[in-house]
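Mind looking over this structure? Questions follow.
Computed from the coordinates by the stated procedures, all read-outs in this text should not be read as laboratory data. Predicted, not measured: the structure shown is a model, and the values here were computed from it. Note that each Cβ is placed from the backbone with ideal geometry, even for glycine, and that neighbours are counted across all protein chains shown.
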Amino acid sequence: MSWATILWSMSAAVSLTLGAIHFVVWMHDRNAWANLLFATMALSMAIFGGIDLLMMRAETVARYTLLHIWAHVPLFAAITSLLGFILFYFRTGRAWLAWTVIGMRVVVLVVDFTIVPTVNYRAITGLLPVPFLGETVSVPAAVLSPWSKFAEGSGLLLLLFIGDASVSLWRKGNANERRRAMVVGGSVSLFVAIAVVNAFRIHSGAVHGPYLVSLLFLLIVLAMGYELSRDVIRAARVADDLRESTESMGLAADAAQVAFWRWDIHRDVVWVSPNGRQLYGIPPGEVVRLQVFLDTVHPDDRETTRQVVLSSLEGDGLFRAEYRVVLPGGEVRWMGARGKVEFNGHRQPLLMRGVSIDITERKQAEAELAQRWTELAHLSRVNTMSELSGSLAHELHQPLGIILSNTQAAQDLVAQDLASSAEMSEILSDIVAADRRAGEIIQRLRAPLKRGEAVFSPLSLNEVIEDVLRLSRAELIARGVTLDQDLARDLPQATGDPVQLQQVVLNLVLNAADAMHGNAPSARRLHLTTARHGGMLRTSVRDEGSGLPADIDRLFEPFYTTKHHGLGMGLAICRSIIAAHQGRLWAEPHPAGGAVFHFELPVAGPRAPS
Amino acid sequence: MSTPSGIVYLLDDEPELVKALSRLLRGRQFDVRGFTSVQAFLRAYRPQDTACLVLDVTMPELNGLELQRQLTHQGILIPIIFLTAHGDVPMSVRAIKAGATDFLIKPVDAAVLVPAVRAALRAAEARRRTIAETAALAARLATLTPREREVMEHVVSGKLNKQIAADLGTGEQNIKLHRAHVMQKMGVESLADLVRAAERLGIGKRDADPQPCGGPGSRD
């Protein structure tokens, strides 16, 4: 075997191998057009190399001519692929230049097949034996055609395009792209330049030898091989980093009790990270579907959770839920989940990915805090009620006195045998009425003293206030306070817990009474008003007392008190009660002296729980 | 125990309680008038009657103690039994000092209320009698001649006839005669009775207050 055969075959083999690798890359990523174009270029160059080799071995002019004509086909393919490759690989280059080159090569190809003998030669007179790498190869003895210059011109234009694309990439690119411009752009330019010069010299008869183009292509193969190896190294590094970060993520996920999941909505399959399966109590092998997930959710939370999932698919694609999960052993844990839905172009949900966290401890802490708060509110209520105990005793003694006197009057009548049944019946019905009244008073007392969590429901603010006034009537009388009330009629309902709101009103009323303790009895007027202010219902309690401290907000701080008795918690608790009702509580001095305390509650919406 | 005559006024803002107490006291043969407002009571009240007032301390329009003060101010001296739900010591002391007959805690038992009302009515009767006697004495005093009055003033101040005669520049016999007239006109038989009558009329005292506020001995 000759050296030429070995070299040419090896160069073709190397080109094909690298081309095949890039073809495989394209097979995996159909958008990687640069790789496909490189593969086409490599294949074209291998074919061109084969033809080149055959031309060297041609024994007749006819055979040489035929091979020469056909050699332009892989050359055309190679140039076109090269143009495309640069455009895609560099993402620079002027498209019009590329199209001009392609146009010129099309002309070259058409002329090549129409003019006899080829586009390059006007006539091939014979074949000359030329020594090459220790053997004799055929080169034509021919007259050059004017079209040959045109073909070489297209080569120069190609060189211009590549040079321009490389410079653009160098200018705008980062370090990686600069290297690519240098290595790939440089080698391609060098390849094209040498090929063009060599073709020119052969055509002009300056040298006698083969085209060597396919051998020169090794330059590009070398550059691309270098790029590939860098890519491989980088991919390995990325894979390493990815594995590292996946491991760290897994560790972090385990440590933070975070579960990752991804729900393929179309196929209804959920991938769950291993610790996620543990969190939800799903065995490792089981295929997870939406229903399987929902089955792990506590029955009381299941329907709500399903609704939240479904509405996130229709809405903005954000999923956020807190629910309880029942583990196989029966243990109940709180989970908090957040996810995001991915949609296709037609707003159809494709998949949702997200994380879940075990929030049991937070929930327990919240529940404990709420419990403490409820206890504190209750304590404050009991404290306030104890302020009323004297007047409430008075109120309770009233019906008891009525019962006692009526009973003793009846006893007298019976003892003296004077009792008429009509009179007795009247006395008894008076006793019953007084007894009922005592019962009602005790009933009114019982609600504020009861322990329990807030129960929100639509309620009438005026009724809450009237309940408080019934409760505190006797106390206000005993303190010589005159009440001036102006409750707006037809007030819409608010949403709230009646006991807690009564607590707030009672606190404000008693504070107002306290503030007027030093006033003359005629100047102890308490003004109570309700009114609507836009979407809010405002209750105002005004006194004619000594006014407010300079720093009004201190009043609402815990343990701040201006009284001898009292915990100093009243207003702090009132403010947090009103805040829990989405309202606000504040105080201000009144222009006519004294202070006004206002609180506002939102009007109950149409979606208020009934 | 017999029921003293007289009117029992009941004043409480609670109509049901007024009704029940009226029923009870009427059953015990008292003449009861119940009211739920101060105005109604003041319209019905006649000072010349023997009466007592059962009064609620805590009323919305007017505090019971305040009413007591106003009545005293207007010269209405009616024995008052206070009813209260607060067994508040300072308040009861204030009420008693201001002349209340009694201070009862609600709910009030008939066994406590009835004797209290009886005592109040007796006090009212006694006071009425005292006033009537004072009025009679004053009428008698008006029949004395200026000379007799002078002699009486000297007598009750504890002077002997001889001293008086010297003071007034006349004979001892004359004084004896005037003295006998005074005793006769004032309807008294002993010097001690005359001194008591003079005391009651405020004779011999410079800063005399003819009707001392809150009759002494109104509480026993």
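Output wanted: per-residue J couplings in Hz (rounded whole) for segment A:103-117, from phi through Karplus 6.51 cos²θ - 1.76 cosθ + 1.60, θ = phi - 60°, x for Gly and Pro.
For segment A:103-117, the Karplus curve yields x, 4, 5, 5, 4, 4, 5, 5, 4, 4, 8, 9, 8, 9, x Hz.
Hey, another quick one. Short version: ³J(HN,Hα) in whole Hz for each residue of segment A:488-494, in order, from phi by Karplus 6.51 cos²θ - 1.76 cosθ + 1.60 (θ = phi - 60°), x for Gly and Pro, what are they?
5, 7, 6, 6, x, 6, 10
What distance in nm lies between label points placed 7 Å from Cα along the C-beta direction at B:GLU150 and B:GLN173?
If labels sit at B:GLU150 and B:GLN173, their model points lie 2.0 nm apart.
Dipole size in debye (nearest 20) for chain A around its Cα centre, Lys and Arg Cβ +1, Asp and Glu Cβ -1?
Rounded to the nearest 20 debye, it is 3240 debye.
Moving on. Highest GNM mean-square fluctuation, chain B, Cα pairs closer than 10 Å: which of B:GLY171, B:GLY187, B:GLY202?
B:GLY171
Identify, among A:GLY205, A:LEU404, A:ALA151, the residue whose Cα sits farthest towards the positive end of the charge dipole of chain A, taking +1 on the Cβ of Lys and Arg and -1 on the Cβ of Asp and Glu, with the dipole about the Cα centre.
Checked the options; the winner is A:GLY205.
Mind scanning B:LYS97/B:LYS185; B:LYS162/B:LYS185; A:LYS363/A:LYS450 and naming the pairs with a C-alpha gap bigger than 30 Å?
B:LYS97/B:LYS185
Along the charge dipole of segment B:1-115, Cβ charges K/R +1 and D/E -1, which of B:LEU53, B:GLN29, B:VAL89 sits furthest on the positive end?
B:GLN29
For a quick check: with amide H placed at 1.01 Å from N, whose amide H comes under 5 Å from A:ALA141's, ignoring anything fewer than 5 positions away on the same chain?
A:THR125, A:GLY126, A:LEU127, A:LEU128
Put +1 on the Cβ of every Lys and Arg and -1 on every Asp and Glu Cβ in chain A; which of A:LEU128, A:TRP3, A:THR304 then has its Cα farthest towards the positive end of the dipole?
A:LEU128
Would you pull out the residues with amide H under 5 Å of A:VAL269's amide H, same chain only if 5 or more places away, H placed 1.01 Å from N?
A:ASP264
Moving on. Would you mind working out the magnitude of the charge dipole of segment A:90-207 relative to its Cα centre, with +1 at each Lys and Arg C-beta and -1 at each Asp and Glu C-beta, to the nearest 20 Debye?
560
Something else about it: Report the label-to-label distance for A:GLN485 and A:THR17 in nanometres (one decimal), using points 7 Å from each Cα along the Cα→Cβ vector.
9.9
Let me ask you something else. Work out, step by step, the length gained on full extension between A:ASP435 and A:ALA141: first 0.36 nm times the residue separation, then minus their alpha carbon distance; give nm to one decimal.
This chain segment gains 92.1 nm when fully extended.
Excluding A:ASP264 itself, calculate the net charge of residues whose Cβ lies under 15 Å from the Cβ of A:ASP264, where each Lys or Arg counts +1 and each Asp or Glu counts -1.
Around A:ASP264, the charge tally is +3.
First measure r as the distance between the Cβ atoms of B:VAL112 and A:SER389, then evaluate 1/(1 + (r/R0)^6) with R0 = 25 Å and state the FRET efficiency to the nearest 0.05.
0.60
In sequence order, what are the phi-derived ³J(HN,Hα) couplings for segment A:61-75 according to the Karplus relation 6.51 cos²θ - 1.76 cosθ + 1.60 with θ = phi - 60°, rounded to whole Hz, with x for glycine and proline?
5, 4, 5, 4, 4, 4, 4, 4, 4, 6, 4, 5, 5, x, 5
Report the relative contact order of chain A, percent, no decimals, based on alpha-carbon pairs under 8 angstrom and at least 6 residues apart.
7
Among DSSP beta bridges lying fully in the protein assembly as shown, give the percent that are antiparallel, nearest 5.
Taking every DSSP beta bridge with both residues in the protein assembly as shown, the antiparallel ones total about 75 percent.
Nearest 10 degrees, 0 to 90: what angle lies between the long axis of helix A:360-415 and the longest principal axis of chain A (Cα atoms)?
20
Something else: Provide, as a two-decimal number, the C-alpha radius of gyration of the protein assembly as shown over 2.2 N^0.38 Å, N being how many residues it has.
Its radius of gyration relative to the 2.2 N^0.38 Å reference: 2.08.
In terms of Cα to Cα distance under 18 Å, which aspartates and glutamates are near enough to A:LYS172, apart from those fewer than 8 places away along the same chain?
A:ASP164
With labels modelled as points extended 7 Å from the Cα through the Cβ direction, what inter-label distance (nm, one decimal) is found for A:VAL116 paired with A:ARG57?
Each label point lies 7 Å from its Cα, and together they span 2.9 nm.
Could you list B:LYS162, B:LYS185, B:LYS106 in order of exposure, starting from the residue whose Cβ has the fewest other Cβ atoms within 10 Å?
In increasing order of surrounding Cβ atoms, one gets B:LYS162, B:LYS185, B:LYS106.
Sort B:GLU189, B:GLU153 by Cβ crowding within 10 Å, fewest neighbours at the top.
Going from sparsest to densest Cβ surroundings: B:GLU189, B:GLU153.
Could you grab the relative contact order for segment A:175-331? Cα pairs under 8 Å, six or more apart, rounded to a whole percent.
12
With angles folded into 0 to 90 degrees, how steeply does helix A:498-515 sit against the dominant principal axis of chain A? Use alpha carbons for both and round to 10.
For helix A:498-515, the angle is close to 60 degrees.
Please report the net charge: other residues with Cβ closer than 11 Å to the Cβ of A:LEU127, K and R +1, D and E -1.
Value of the local net charge: +1.
Rounded to the nearest 0.05, what FRET efficiency do B:ARG26 and B:GLN70 give with R0 = 22 Å and r taken as the Cβ-Cβ distance? Could you check?
It comes out at approximately 0.20.
Please report, in debye to the nearest 20, how large the charge dipole of segment B:5-46 is about its Cα centre when each Lys and Arg carries +1 at its beta carbon and each Asp and Glu carries -1 there.
Its charge dipole is roughly 260 debye.
While we're here: Which three numbers, in whole Å and largest first, are the semi-axes of the equivalent ellipsoid of segment A:26-88 derived from its Cα gyration tensor as √(5λ)?
30, 10, 7
What 222 nm value per residue comes from the helices of chain B, counting each DSSP H run with n ≥ 4 as -39,500 (n - 2.57) and dividing by all residues, nearest 500 deg cm²/dmol?
The helix-only estimate for chain B comes to -17000 deg cm²/dmol at 222 nm.
Based solely on its DSSP helices, what 222 nm [θ] is calculated for chain A when runs of n ≥ 4 H residues each add -39,500 (n - 2.57) and the sum is averaged over all residues, nearest 500 deg cm²/dmol?
One gets -20500 deg cm²/dmol as the mean residue ellipticity at 222 nm.
A further question on this structure: Report the net charge of residues surrounding A:GLU361, where surrounding means a beta-carbon distance below 11 angstrom and charges are Lys +1, Arg +1, Asp -1, Glu -1.
0
A follow-up question, please. Taking only Cα atoms, what is the 0 to 90° angle, nearest 10, from helix B:15-27's long axis to the longest principal axis of chain B?
60
Which of rounded, prolate or oblate describes segment B:111-207 when judged by the alpha-carbon gyration tensor and an a/c cut-off of 1.5?
prolate
Here is a further query. Mind listing the long-range amide H neighbours of A:ARG353? Cut-off is under 5 Å, sequence gap 5 or more, other chains count too, H placed in the peptide plane at 1.01 Å from N.
A:TRP263, A:LYS340, A:GLU342
Straight-line reach from A:LYS340: which aspartates and glutamates have Cα under 13 Å away, leaving out those fewer than 8 places along the same chain?
A:ASP264, A:GLU314, A:ASP316
Could you line up A:SER421, A:SER15 from fewest to most neighbouring Cβ atoms inside 10 Å?
Going from least to most buried by this count: A:SER421, A:SER15.
So, R0 is 45 Å and r is the distance between the beta-carbons of B:SER5 and A:GLN364; what FRET efficiency does that work out to, to 0.05?
Taking R0 as 45 Å, the efficiency between B:SER5 and A:GLN364 is 0.05.
Given Cα pairs under 8 Å that are at least 6 residues apart, what percent is the relative contact order of chain B?
16
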